[in-house]
Amino acid sequence: MQFRLTGLTTAALGAGALLPNAAAAQTMDLSIELPRMTVAEYHRPYVAVWLEKEGQAPRTLSVWYDVDKRGGEGTKWLHDVRQWWRASGRTMSFPADGISGATRAPGVQKLRLVAGKGGMPALTPGQYTLVVEAAREVGGREVVRLPFAWNGSSATATAKGAAELGGVSFTLKR
Amino acid sequence: MQFRKPLLAIAAVTALAAPAAIAHRMWLLPSSTVVSGTDNWVTVDAAVSNDLFYFDHRPLGAVPVITQPDGSEGKAEHHNVGQFRATFDVHLTQQGTYRIAVVNQGVFGRYVLNGETKMIPRGTTKAQLASVIPAGATDVQTSEMVARNEIFVTQGAPTNTVFKPTGQGIELAPVTHPNDLVANEPATFQFLLDGKPASGLYVTTILGGGRYRAAPKQIDQRTDAQGKVTIKWPEAGMYWINVTPTAPQPEGEGPRPQAQGAGGARPAPGGPQGMGGVPSGRRVSYTTTLEVLAP
């Protein structure tokens, strides 16, 4: 990790360099492939998507977990999405309005994130990393990192996981 | 083995008085150290053994003291002492860091009254000392012990309330939070002796799972001038950390011989002296189990 949190740091991205701005909403179209597994026992993975910027607290954009489990029991395994839990998840409460949702099926999953809605902040120009982490019950865990520079008009990045994640890509425009 | 019997007998006597001083390692092993959600249980194995973390010798049967994130006292539930290990559960209902501690604190020793040698009752505290030694006692020899063995479990984000020092014995002051450990990041801890940063303490770090390894994964360090030590984890896993003012004793030895310093480097403060199984001076130690996660 380029920077670390003690868990006591509560400053969030969007508070400092990422001031919400009044210009046309930035929109991120994100594509995350969840590989089809040929395993005896398959459970859809918990997935977290977050944004990092050096010197800023990471910002969670999306979390897919077992939201419907009785008594909020699905939150019990959120910490298995380990890097995200440490970077951002452990300071949040769940369900997180506009951020958390149900787990998703294998295949290519599309996600549109609009600045100012849910967890997506309006970005000021600079260097960022979009991080996607997946953790699967009785399965593995994988993190895919997509560093990018935001120049204020457009950015795109692509990466590929090896086990728990397939292709991950996004385009960011305003 | 026949020839070891006398040694074992001495060790047993010492064990009654000062468990921290014997070679066997005391440990608390939690089922989880980092949990999410708002209502979780952790279960803890508590035992005394040589090999970490295998319960194959004696249980650590003391009822632990639980300190909750808000500072209030929690409860050890389902406490059970078996042949090789004790177990208990802790119900986590608050957000933050819990401390689960077995602190062995007390004064032991003896005195002579009317020509008869008497032992100070076990469980005597420092404050009670004056009241348990009768008037007219002579040859009073006492030794104080503070053996702190504690672990930490965090539900949600880590907090620091449980690290408020008591000022007694060796305590841990987190620089890196003990529930925020990742294999590829060195961790720094500060150790306090009676509330003040203590330099030159011996810090032994041993990775669990030794049964499946030819050579133990052990790191021996000493605290710096600020009482700090930085540990570089060789890999993810459960680590046993032991902190003592004097060099850790080789396995199988009885009471430490008189004035045995740190390999001659530094005499122990109030160092224990052999006196018929009742060492005088002061024995302090700190033990914890830390979980280091994979990045």
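The values are calculated or read from the model by the stated rules, or taken from the named source; none is laboratory data. Owing to the predicted nature of the structure, the values given are computational and were not obtained by experimental measurement. Cβ coordinates were reconstructed from backbone atoms using ideal geometry, including for glycine residues, and neighbour counts include every protein chain displayed.
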The listed residue being surrounded by 14 or more Cβ atoms within 10 Å (Cβ to Cβ) and basic (Lys, Arg), out of B:148, B:122
B:148
Counted residues in segment A:62-79 being among the small types (Gly, Ala, Ser) and surrounded by 24 or more Cβ atoms within 10 Å (Cβ to Cβ) come to 0
Against the conditions (1) more than 14 Å from chain A (Cβ to nearest Cβ); (2) outside any strand (DSSP E or B); (3) under 22 Å from the mean Cα position of the chain (by Cα), where does residue B:142 fall short? Just the number, please.
(2)
Every residue in segment B:162-185 that is away from chain A (no Cβ under 13 Å), among the β-branched types (Val, Ile, Thr) and assigned to a strand (DSSP E or B), please.
B:170
Matching residues in segment A:49-61 - criterion: being away from chain B (no Cβ under 14 Å) and either out of contact with any strand residue (DSSP E or B) (no Cβ under 9 Å at 6 or more places or on another chain) or surrounded by 20 or more Cβ atoms within 10 Å (Cβ to Cβ) (or both):
A:49, A:50, A:51, A:52, A:53, A:55, A:56, A:59, A:61
Of all residues in segment A:62-80, which are away from chain B (no Cβ under 14 Å) and either at pLDDT below 95 or touching an Asp or Glu at 6+ places or on another chain (Cβ under 6 Å) (or both)?
A:68
Could you grab me the full set of residues in segment B:105-151 that are closer than 22 Å to residue B:169 by Cβ, touching a residue at least 12 places away in the same chain (Cβ under 8 Å) and among the small types (Gly, Ala, Ser)?
B:106, B:109, B:123, B:143, B:147
Go through segment B:1-31 and count every residue that is assigned to a loop (DSSP other than H, G, I, E, B), at pLDDT 50 or above and crowded, with 16+ Cβ neighbours inside 10 Å.
1
Report, ordered by the first and then the second residue, all pairs with beta carbons closer than 6 Å, sequence separation of six or more or different chains, a first member in segment A:84-104 that is within 14 Å of chain B (Cβ to nearest Cβ), and a second member that is assigned to a helix (DSSP H, G or I) and of a type in the set (Ser, Thr, Tyr).
A:94/A:75
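Restricting the search to segment A:30-48, which residues are part of a loop (DSSP other than H, G, I, E, B) and either among the polar types (S, T, N, Q) or surrounded by fewer than 24 Cβ atoms within 10 Å (Cβ to Cβ) (or both)?
Passing the criteria: A:35, A:36, A:37, A:38, A:39, A:40, A:41, A:42, A:43, A:44.
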Can you go through B:112, B:81, B:107 and tell me which one is at pLDDT 95 or above and among the hydrophobic types (A, V, I, L, M, F, W, C)?
B:81
In the set B:188, B:159, B:205, B:154, the lone residue that is in a loop (DSSP other than H, G, I, E, B) and either surrounded by 17 or more Cβ atoms within 10 Å (Cβ to Cβ) or among the β-branched types (Val, Ile, Thr) (or both) is B:159
From B:122, B:148, grab the single residue that is in a strand (DSSP E or B) and of a type in the set (Lys, Arg).
B:148
